Amino acid sequence: MSGDPRPGGGLRARILLAHLTVIAVAVGTLFLATLVIAPTLFERAMGGMMGPGSGMGGGMMTGLQAQVDDAFRGAMFQALLISAGAGSIAAVAVSLFVAGRILTPLRRLLGASRRIAAGHYAERVPADATGELGALAGQFNQMAEALDAAEQRRVALIGDVTHELRTPLATIEGYAEGLLDGVVAPGPETWALLRDEAARLRRLVADLQELSRAEAHQLPLHIAPADPAALAAQATARLAPQFAEKGVALSAEVPPGLPRVLADPDRILQVLVNLLGNALRYTPAGGRVCLAVARAPGAVAFHVRDSGIGIAPEHLAHVFERFYRVDKARSRALGGSGIGLTIAQALVEAHGGRLWAESPGPGQGAVFSFTLPVAA
Ligand code: ADP
């Protein structure tokens, strides 16, 4: 890399220079102060000792005083030189120590960031330094963790998507080859099957696009106070024909006087349609589905209750995971992509709410609930 920072050379020289400058200024000031002030003070003291009352002759005294003066100046100068030398050595030692304390963590950060840039996302630095350098190392590790998690999600997503695409593509390919070889008879049933597989692929691509935008928090939300009763009425009205067609009873329980909620009506309708659609999909004919809306602390809760196939406890926590299906073949046969609940959860959480599932067990129905914060 061209403009590569080299914390070794540059920073160490600068720290040393800073220490030496401080020492030079200190020694210069000391020299100046000592050479100007000390002789005056010394002379005054000597004058007191050898003055007229001291009993010494005038000529002898002046000569002696001059010699003592010179000796004092010389000794003082030497002492200052020695202390300047000692100070400079101390400055070099201290600056080497300080530079080491700063440079070691910086070097580690530099090395780790280079390795992360090269794709080694598991890289971390020891966060044992104190103060700002320790905080920087901690922050760096957090950033590395986020990158690592994003990378793992990316790899997992590619694996999942590849897996999901394989089945419909293999079916389409198999039928196309069968048609070409004359093994499969061309007829309405074959065309319908090919159309269904293509539709599954299109749905999967649309869901994936929606999911990636929701997970990256890039779905534009137009949140405003909304009437929960109106949202519930719209959702049930939209799905009523499909419920009637399958022979599943759909009802709504919406008490009067519910407060308005903070919601993007289109997105919340999407969540409700998804939950009601699942309830319909996993409830056999003759069953019941109820959408109940109720007041909760600081929020309004929506519950979609069905009398369908239910969910075993070991699957409950996983149904919101991408591509997780309790019964893969069944869900696929019913047209599910396995991402609906993941998108619904991302949407509800983007509203500041929570989405969860409950079920007494297989064959005993399920309840999917979510909350939306009350508008102030
Ligand atoms: P799918 O498109 O497969 O329905 P979802 O993400 O909507 O994907 O749901 C994930 C899985 O959760 C489903 O495959 C199904 O096994 C389970 N599930 C969702 N809703 C219900 C429900 N109301 N009753 C029973 N199982 C459900």
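The table below lists the values:
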item: Qualifying residue in segment 255-268 (condition: closer than 15 Å to residue 368 by Cβ and not assigned by TED's automatic domain parsing to the domain that holds residue 197); result: yes
item: Some residue of segment 280-294 being under 15 Å from residue 226 (Cα atoms), open to solvent by less than 10 Å² (accessible area, probe 1.4 Å) and assigned to a strand (DSSP E or B); result: yes
item: Members of segment 300-319 found to be buried (at least 19 other Cβ atoms within 10 Å of the Cβ) and either in a strand (DSSP E or B) or acidic (Asp, Glu) (or both), listed by number; result: 300, 302, 304, 305, 306
item: Pair list, Cβ < 8 Å and 6+ apart or interchain, from segment 112-124 residues that are within 10 Å of residue 144 (Cα to Cα) to residues that are among the basic types (Lys, Arg) and open to solvent by less than 90 Å² (accessible area, probe 1.4 Å); result: 112/124
item: The listed residue being at pLDDT 95 or above and either more than 25 Å from residue 202 (Cα to Cα) or within 12 Å of the ligand (Cβ to nearest atom) (or both), out of 334, 355; result: 355
item: Residues within segment 209-254 that are hydrophobic (A, V, I, L, M, F, W, C) and not in a helix (DSSP H, G or I), tallied; result: 11
item: Qualifying positions in segment 31-72 - surrounded by 14 or more Cβ atoms within 10 Å (Cβ to Cβ) and modelled with pLDDT under 65; result: 50, 56, 61
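Each row is one residue, and each column tells you yes or no for (1) open to solvent by less than 40 Å² (accessible area, probe 1.4 Å); (2) more than 21 Å from residue 226 (Cβ to Cβ); (3) part of a loop (DSSP other than H, G, I, E, B).
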| residue | (1), (2), (3) |
| --- | --- |
| 268 | yes, no, no |
| 343 | yes, no, no |
| 349 | no, no, no |
| 356 | no, yes, no |
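The values are calculated or read from the model by the stated rules, or taken from the named source; none is laboratory data. Model, not experiment: these values are computed from the prediction. In this analysis, Cβ positions are derived from the backbone assuming ideal geometry, glycine residues included, and neighbour counts consider all displayed protein chains. Accessible surface areas use protein heavy atoms only, side chains included; no ligands, DNA or RNA. Shrake-Rupley method; radii C 1.70, N 1.55, O 1.52, S 1.80 Å.
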